[in-house]
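In what follows, a single structure is set out as structure tokens and then discussed.
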Amino acid sequence: MQNHITSAKLYNHCLCPHRVWRDEHSDLEEKDSENEFLQLLWEKGTQFEQKTIAELGDFLNLSHGELDERNKKTMEAIKASVKMIYQGVIKFDNLLGIPDVLELQANGTYVPIEIKAGRGLDADDDFEVGKPKEKYAMQLAVYIEILVGLNLMKEKIAYVYDIEGNKVMYDLNRSLNTKTKETFWDRYLKRKQEVLSLINNFIKTKPAIGSSCKMCHWLTSCKEECIKNDDLSRIFYLGRVDRDKITEDLHIESMKELAEQNVDEILLLKNQKKKQGDKQFLFGIGEKDFTKYIRRAKLYQTNTDKPVILENFVFPDKKYELFFDIEDDPTQDIVYLHGILERVNGKLKYIPFVAKDNSLEAERLAWVEFWNYIKTLPLDNYVVYYYSSHESSIYQRLFNKHPGVIDISLLEQFFNKENGAAVDLYYDIIFSKTEWPLYSYSVKSIAQFLGFKWRDKNPSGAASIEWYNNWLNNKDSKKLQRILDYNEDDCRATLFLKDKLVSYLR
């Protein structure tokens, strides 16, 4: 049986090339048990697909049956000029694709469309309305190459129906960004060749620890291997690309080896190589990068239980300290919990604002209640502590989604760092002014490193979304309490971290 290149393999390659290799060649017993949150995402995605396709009008449903039979029916439908085909199977050469929709065009060609329970574009300063997501573009590219090969398509243009109801055009002849001439199609051809080499075992990649690992069924075994090998990806912000470049050009494979390096000597070698015409030597890794990487590698060698403070900082002196965290479900585009841990004169009080169901009105009411509470506080005598920009970006969306709840000035005041009303512990302090012997600077990683413990054995935002969806189905008060306990612990972890940081400055 031919080992096809599929859209799923291209998608996974964007997330992690090693996953593509492992899915083909690793022992299945090394896989983690089924992730209930991933199952929920799959179910939500399927529901959104079905809802979207139903709204598009009449279609031929080819989502069931064996692949060969579905392929036969798809080609028959195309020959009969069926206007819309759902989950048809198309093949060409060693490519296999199952586009969500094949839509007949006026000129007799077909255009592939993917239905995504997420936003169709990534926010980007280079583009006014955002830029295409590479992982989506790579999926669509597989369909395009198949259709072009079958003489059913000419232009490299496809579409994504997204969670907000937009039909987003993906022009694969467009450059990846404003800084390069490389197009999405160029990138696809490169990725396709590497996927082919991986599935045929011509090359083998190494595991790396990264943000996409949390959703992967190889997480546990890959993480164990990285720890065992003292892998460079355990250094915060040192990703797979830089790891592989450092290993290839400097023959350094472990943190211990990197900790022994001298930045000046590396830069001297890089300049020598550049003068000799080798512009790819350590390409993209500069002095600032190496300074941070080596400093962090050295910190690992000390076995310390404390961070390195790179720059002093002072927290606002306010009567009310608010430790703030929200819970949201992107699959339903809803913020279902706003949590505040209030500290006044040393006394703590947890105050949750919950959306009673997943309706637009329930989300609005929870947000109204949250702001009614904020309005009771003395305007110049409270400070909000949160972790990363997620809360502020989500609140900007809620402001646009629920007009009339608050004035924009109140939202700006709430996140105003200049007057001491808000502190983003991650960007303002952890990321910019400290170093930790950790591969992740998430609040969970750092708080647990310092000794904080969540009450739940499985504390994560993904788990909270799963619990919320379960609670919506049966309104079990215990499930709601689990969500509240988790959110409160997130707020308490933020407080715990803030107080620890203060103690390190004494």
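Points to keep in mind about this one:
- On the beta carbon distance between L56 and L189, with R0 = 30 Å, the FRET formula returns roughly 0.45.
- Model label points for E29 and N458, set 7 angstrom from Cα along the Cα-to-Cβ axis, are 2.4 nm apart.
- Which of D242, D328, D305 has the fewest Cβ neighbours within 10 Å, and the rest in rising order: D305, D242, D328
- Computing FRET efficiency as 1/(1 + (r/R0)^6) for K245 and K356, where r is the C-beta to C-beta distance and R0 is 56 Å, gives about 0.65.
- Calculated log₁₀ intensity ratio I(q)/I(0) where the Debye formula runs over C-alpha points of the stretch 342-390, q = 0.16, 0.24, 0.26, 0.27 Å⁻¹: -0.62, -1.06, -1.11, -1.12
- When H217, H64, H25, H338 are arranged by Cβ crowding within 10 Å, least crowded first, meaning fewest neighbours, the order is H64, H25, H217, H338.
- Seen from every direction in turn and averaged, the convex hull around the alpha carbons of the stretch 229-303 projects onto 4.6 nm².
- The stretch 5-199 shape via C-alpha gyration tensor axes, a/c threshold 1.5: rounded
- The aspartates and glutamates whose alpha-carbon is closer than 20 Å to the alpha-carbon of K181, local same-chain residues fewer than 8 away aside, are D122, D124, D125, D126, E128, E134, E155, D171.
- The trypsin sites (Lys or Arg not before Pro) of the stretch 168-214 meeting both criteria, a DSSP state outside H, G, I, E and B (loop) and at most 16 other C-beta atoms within 10 angstrom of the site's C-beta, are K179, K181, K204.
- Whether the stretch 60-166 is rounded, prolate or oblate, judged on the alpha carbon gyration tensor where a/c under 1.5 counts as rounded: prolate
- Rounded to whole Å, the principal axis extents of the Cα atoms in the stretch 397-493 read 45, 44, 18, largest first.
- Point-to-point label distance, S388-E260, nm (Cα→Cβ direction, 7 Å offset): 3.5 nm
- Dividing the summed -39500 (n - 2.57) terms of all DSSP H runs of n ≥ 4 by the residue count of the chain sets its mean residue ellipticity at 222 nm at -14000 deg cm²/dmol.
- Quarter of the Cα convex hull surface for the chain, i.e. its orientation-mean projected area (nm²): 27.5 nm²
- Every Cα-Cα pair of the stretch 17-98 was included, and the share exceeding 23 Å stands at 45 percent.
- Sites listed here are trypsin sites (Lys or Arg not before Pro) in the stretch 358-406 whose DSSP assignment is loop and whose Cβ has at most 13 other Cβ atoms within 10 Å: K375.
- Whether the stretch 320-504 is rounded, prolate or oblate, judged on the alpha carbon gyration tensor where a/c under 1.5 counts as rounded: oblate
- Ascending count of other beta-carbon atoms within 10 Å, so fewest first, for T6, T376: T376, T6
- For the pair L505 and S63, the difference between a 0.36 nm per residue extended length and the Cα-Cα distance amounts to 153.1 nm.
- Projected onto its three principal axes, the C-alpha set of the stretch 129-233 covers 49, 35, 29 Å, listed from the longest axis down.
Read-outs: derived from the displayed coordinates by stated rules, not from any lab. In this text, all values refer to a predicted model and were calculated from it rather than measured experimentally. Every residue, glycine among them, receives a Cβ derived from its backbone with ideal geometry; neighbour counts consider all protein chains shown.
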